[in-house]
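A short write-up of the structure that comes next.
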Amino acid sequence: MSAVITGVGAALPERVVPNAYFADHLDTSDQWIVKRTGIRERRWLDEDAHLADLALAAAHDALDVAGRDPAGLRHVVVATTTPDRVTPGLAVEVAARLGTPHAAAFDLHAACAGFLYALDHAAALIESGRAETVLVCGAEALTRITDRTDRSTAVLLGDAAGAVVLAAVPDGPAPTFALASDGEQIPLLYADRRERVLRMRGREIYEHAIAKMSAYTREVLALRSAKIDDIDLFIAHQANARIVRGVARELGIPDDRLYLNVDRVANTSSASIPVALAQARAEGRTGPTGLLGTAAFGAGVTWGAGVVGW
Ligand code: ACO
């Protein structure tokens, strides 16, 4: 049995915040933001709204696409850095509201690489025979940890939720992942307990992100003796269009196999890869089956890459 993505879904908050909002409030401009990041607008969750509602909507979407009854689910994982409560996590609420009787449900925190970590864990559960189907969500309300007066981070971040159904498929392509972390690099990007907002050394993050996502994608391809041409669509964590294009350039990925939606949603951390996958599918950028190449880099620093069938 192989673990294959059989459903994808996404949910975005209704409030659209264009670059003009920051140009009105901070010393920045639409032109600067577009040129340096490719971002044109992002979505913000209202302060009193629940991220669980977005995660649940994305989960329903993914389960519908997969044709799965939520009641049959036994495992729910939500990658998030910004859950609604300190405890319990988002996953138990999502599982309960899906009507899954006593699913194993937990949150996973690995910053922007969280969704890849969660997907790797879900694939291991399926490949070991301990699960037949796993719902994997990525959900973030980064506005909860954004300093809206800091132009170097506020313009980059957005809120969203995405989900995939990973299921056992006989004769499906086996997934491959390579994940890593380096806690020596915490000062590059962190939110501490006192300030509770993200602080970042942007230029260093930028360089590490391109280098690590490229190297680990190469490693994953080597592990399965594959070439970049074997990948049907490549979705990197949507941190910044220049970072994603930099990785594509390093790896020789042509535009028709590269997906970018950072212009519309900005950086949504753990949510970015499943949201991009759902939007790519809605836009007809995925065929009925194929191989997804994916890579992520975030606070920690944590990073990784994966190849998984859909
Ligand atoms: N508007 C105008 N000027 C700005 C803005 C802004 N929004 N933000 C920063 N600047 C200024 C800086 O203050 C700096 O000014 P100075 O030269 O007077 O000191 C100047 O622009 C150049 O700054 P650099 O950092 O060198 O610019 P760079 O080309 O590197 O672009 C950016 C900055 C976009 C932040 C880039 O470094 C980047 O994308 N880094 C990675 C960011 C990222 O993905 N972080 C992860 C996010 S969070 C998470 O993981 C949850």
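Brief remarks on what is shown
- Here the chain is described by how far its Cα atoms reach on the three principal axes: 55, 43, 39 Å, from widest to narrowest.
- Looking at region 176-309 alone, DSSP beta bridges between its own residues are antiparallel in about 75 percent of cases.
- Expressed as a fraction of 2.2 N^0.38 Å, the value expected for a compact globular protein of N residues, the C-alpha radius of gyration of region 2-169 is 1.12.
- Amide H contacts of A105 (H built 1.01 Å from N, in plane; Pro and chain starts excluded): V76 sit under 5 Å, all sequence-distant by 5 or more or on other chains.
- The Cα center of region 1-63 and the Cα center of region 143-202 differ in position by 13 Å.
- Using the Cβ-Cβ distance between R97 and E184 with R0 set to 30 Å, the FRET efficiency works out to roughly 0.15.
- Signed unit charges on C-beta, dipole axis of region 176-309, positive-most listed residue V220, L188, T294: L188
- Other residues within the sphere of radius under 15 Å centred on the Cβ of A104, judged by their own Cβ, net out at -1 (K and R +1, D and E -1).
- When both bridge partners sit in region 2-169, DSSP labels roughly 70% of those beta bridges antiparallel.
- In order along region 32-44, the Karplus-derived 3J(HN,Hα) couplings, from 6.51 cos²θ - 1.76 cosθ + 1.60 at θ = phi - 60°, round to 4, 5, 5, 5, 7, 10, x, 7, 10, 7, 9, 10, 10 Hz, and Gly and Pro are given as x.
- Annotation: the antiparallel percentage among DSSP beta bridges lying fully within the chain is about 70.
- Length added when fully stretched, D27-R224, from 0.36 nm per residue minus Cα-Cα: 66.1 nm
- Take the Cα of R199, step 7 Å toward its Cβ, do the same at K35, and the gap between the two points is 2.9 nm.
- Per-residue HN-Hα couplings for region 49-54 [Karplus 6.51, -1.76, 1.60; θ = phi - 60°; Hz; x = Gly/Pro]: 7, 9, 5, 4, 4, 5
- Exposed loop sites are taken as GluC sites (Glu not before Pro) in a DSSP loop (any state but H, G, I, E or B) with at most 11 other beta carbon atoms within 10 Å; the longest stretch of the chain without one runs 48-194.
- The mean sequence separation of alpha-carbon pairs under 8 Å and at least six residues apart, normalised by the residue count of the chain, gives a relative contact order of 26 percent.
- F177 sits among other residues whose Cβ lies under 12 Å from its own Cβ, and their net charge, with Lys and Arg +1 and Asp and Glu -1, is -2.
- Fraction of alpha-carbon pairs over 28 Å apart in region 138-294 - percent: 23
- With N the number of residues in region 151-218, Rg(Cα) / (2.2 N^0.38 Å) evaluates to 1.54.
- Within region 187-227, trypsin sites (Lys or Arg not before Pro) in DSSP loop having at most 15 other beta-carbon neighbours inside 10 Å: R193, R194, R196, R201, R224, K227
- Each listed q (0.19, 0.24, 0.27, 0.28 Å⁻¹) maps to a log10 I(q)/I(0) for region 82-129 from the Debye sum over equal C-alpha point scatterers, namely -0.73, -1.01, -1.08, -1.09.
- For the pair R242 and H50, label points projected 7 Å from Cα toward Cβ lie 4.1 nm apart.
- Dividing the summed -39500 (n - 2.57) terms of all DSSP H runs of n ≥ 4 by the residue count of the chain sets its mean residue ellipticity at 222 nm at -10000 deg cm²/dmol.
A short reminder: the numbers here are calculations on the coordinates, not readings from a lab. Remember, predicted model here, so these are calculated numbers, not experimental data. Positions of Cβ are generated from backbone atoms using ideal geometry, with glycine treated the same way; all protein chains shown enter the neighbour counts.
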